[in-house]
Amino acid sequence: MARKSIGTMMGSQTTSTFIGIPAGTLSDVSGGSVVFGAPCATPYPSVGAYCKDAPAAIRGAISSYQANIHHMDFDLGGPIFPNGVNAIDLGDLDFDESDAAGNRERIRSTVSQIVANGGVPVVIGGDDSIPIPMIEGFAEHGDYFVVQIDAHIDYRDEVGGEKLGLSSTMRRAFEMDHIKGLVQVGQRGIGSARPQDFEDAKSHGVKFVSAREIASGGIQQVIDLIPAGAKVIVDLDCDALDPSIVPGVIGRSPGGLTYWNVVDLLHGIAGKAKLSGFNLVEFMPDSDVDDIGALNNARIICNVLGLVARQS
């Protein structure tokens, strides 16, 4: 039986862009949020481009609300775009599973051009190797602070000889000269990190706030670690969220963050610093349940767009 939707009742029409924002190209960027999909960067041979359908699924989950984009959004206290839509969607970048270098360069150069033209890149992945070229795209545009929200710390130097894969994301990011600090939020359970990887991260100056610490002490302890006025890049691996709300991930683990944990953190960042870039990765639509994970991910992105619109 086809799933019923209230979209038609609400006046929605088919849209291929995120919540119906205008489609555009890099030549159209002049500030605001710039959404694009990055289906794949550097896949491990064992899993391939297993998140390649995520951008389409996340756009699809929020598409029925496109006719209501000017309505109240109670997460934001007003419409997503309080002064008119200030965002465009570039669509998805091309990718080739056998050409990781080409995938990375497309992501890096797209981000760099967006930032050079005053925009805030909002990247819908794709696997968690995507943040490496995404963060690299900021290299010519000043100093930045990274907030990683993830069940795993991604601090392996290499896996099977690959140094640019999803388990090495934060180690590679922290090696970049323009990244001046890193806080990792939401780690829990068992992942690819060995004890020495964790010790390496701490010795490099990385700060950690685990999912268990957030459950007991709240999100403010993370916000306190973010320098006031910093330009912040947020890397959200959606397996940071509890699998009851985002089941479509490759590494499920109990005890994840709530939707409100992530939303409150984003609002806290925007209130103290500048939200300069965002990516969401690691969503597997094939393992989702009734599109609930796609919708939660899409709603987090709506908050990002609204926060960027309010800081422009």
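Screening Val209 with (1) in contact with a Phe, Trp or Tyr (Cβ under 7 Å, 6 or more places away or on another chain); (2) farther than 24 Å from Ala41 by Cα; (3) among the β-branched types (Val, Ile, Thr) gives one miss only, at (1).
Taking the stated definitions as given, is Asp286 farther than 18 Å from Leu182 by Cα and modelled with pLDDT of 95 or more? Give the derivation first.
Numbers: farther than 18 Å from Leu182 by Cα: yes; modelled with pLDDT of 95 or more: yes.
Yes.
On inspection, Arg299 does not qualify as without any contact (Cβ under 8 Å) to a residue 40 or more places away in the chain and not aliphatic (A, V, I, L, M).
Among residues of the stretch 263-281 that are acidic (Asp, Glu), those with a beta-carbon under 8 Å from a residue that is crowded, with 20+ Cβ neighbours inside 10 Å at least six positions away or on a different chain give the pairs Asp264/Ile219.
A Cβ distance below 8 Å, combined with a sequence gap of six or more or placement on separate chains, defines the contacts here; from the stretch 46-67, residues that are farther than 17 Å from Asp96 by Cβ and in contact (Cβ under 8 Å) with a residue 12 or more places away in the chain reach residues that are assigned to a helix (DSSP H, G or I) and aromatic (Phe, Trp, Tyr) in the pairs Ile58/Phe18; Arg59/Phe18; Ile62/Phe18. For Pro55, the criteria (1) over 19 Å from the mean Cα position of the chain (by Cα); (2) crowded, with 20+ Cβ neighbours inside 10 Å hold in every case but one, which is (1). The conditions of being crowded, with 24+ Cβ neighbours inside 10 Å and either under 18 Å from the mean Cα position of the chain (by Cα) or touching a residue at least 60 places away in the same chain (Cβ under 8 Å) (or both) are met by Gly126. Checking each residue in the stretch 82-121 for being part of a loop (DSSP other than H, G, I, E, B), over 30 Å from Ser46 (Cβ atoms) and out of contact with any strand residue (DSSP E or B) (no Cβ under 6 Å at 6 or more places or on another chain) picks out Pro82, Asn83, Gly84, Val85, Asn86, Asn117, Gly118. For the stretch 24-39, indicate whether the set of residues that are aromatic (Phe, Trp, Tyr), out of contact with any strand residue (DSSP E or B) (no Cβ under 9 Å at 6 or more places or on another chain) and either assigned to a loop (DSSP other than H, G, I, E, B) or buried (at least 20 other Cβ atoms within 10 Å of the Cβ) (or both) is non-empty. Taking every residue of the stretch 24-39 in turn, none turns out to be aromatic (Phe, Trp, Tyr), out of contact with any strand residue (DSSP E or B) (no Cβ under 9 Å at 6 or more places or on another chain) and either assigned to a loop (DSSP other than H, G, I, E, B) or buried (at least 20 other Cβ atoms within 10 Å of the Cβ) (or both). If you filter the stretch 154-172 down to residues that are among the aliphatic types (A, V, I, L, M) and surrounded by fewer than 22 Cβ atoms within 10 Å (Cβ to Cβ), you find that the one that is nearest to Gln221 (Cα to Cα) is Leu164. Within the stretch 175-224, restricting attention to residues that are outside any loop (DSSP other than H, G, I, E, B) and of a type in the set (Gly, Ala, Ser), the residue that is nearest to Asp150 (Cα to Cα) is Ala211. On the stretch given as the stretch 235-260, residues that are of a type in the set (S, T, N, Q) and touching a residue at least 60 places away in the same chain (Cβ under 8 Å) total 1.
Among the residues making up the stretch 265-312, those that are of a type in the set (S, T, N, Q) and part of a helix (DSSP H, G or I) are Ser287, Asn296, Asn297, Asn303, Gln311. Taking the criterion of being more than 15 Å from Ile269 (Cβ to Cβ) and at pLDDT below 95, the only residue of the stretch 291-312 that qualifies is Ser312. Scanning the stretch 259-312 for residues that are among the acidic types (Asp, Glu) and under 16 Å from the mean Cα position of the chain (by Cα), we see that the one that is nearest to Phe74 (Cα to Cα) is Asp264. Selection of the stretch 225-254 for residues being outside any strand (DSSP E or B), within 30 Å of Ala139 (Cα to Cα) and touching a strand residue (DSSP E or B) at 6+ places or on another chain (Cβ under 7 Å) yields Leu225, Ile226, Pro227, Ala230, Cys238, Ala240.
Can you tell me how many residues in the stretch 228-251 are surrounded by 14 or more Cβ atoms within 10 Å (Cβ to Cβ) and closer than 25 Å to Tyr144 by Cα? Of the residues in that region, 12 qualify.
The values are calculated or read from the model by the stated rules, or taken from the named source; none is laboratory data. Please read these numbers as outputs of a predicted model, since none were measured by experiment. We place every Cβ from the backbone using ideal geometry, glycine too, and count neighbours over all the protein chains shown.
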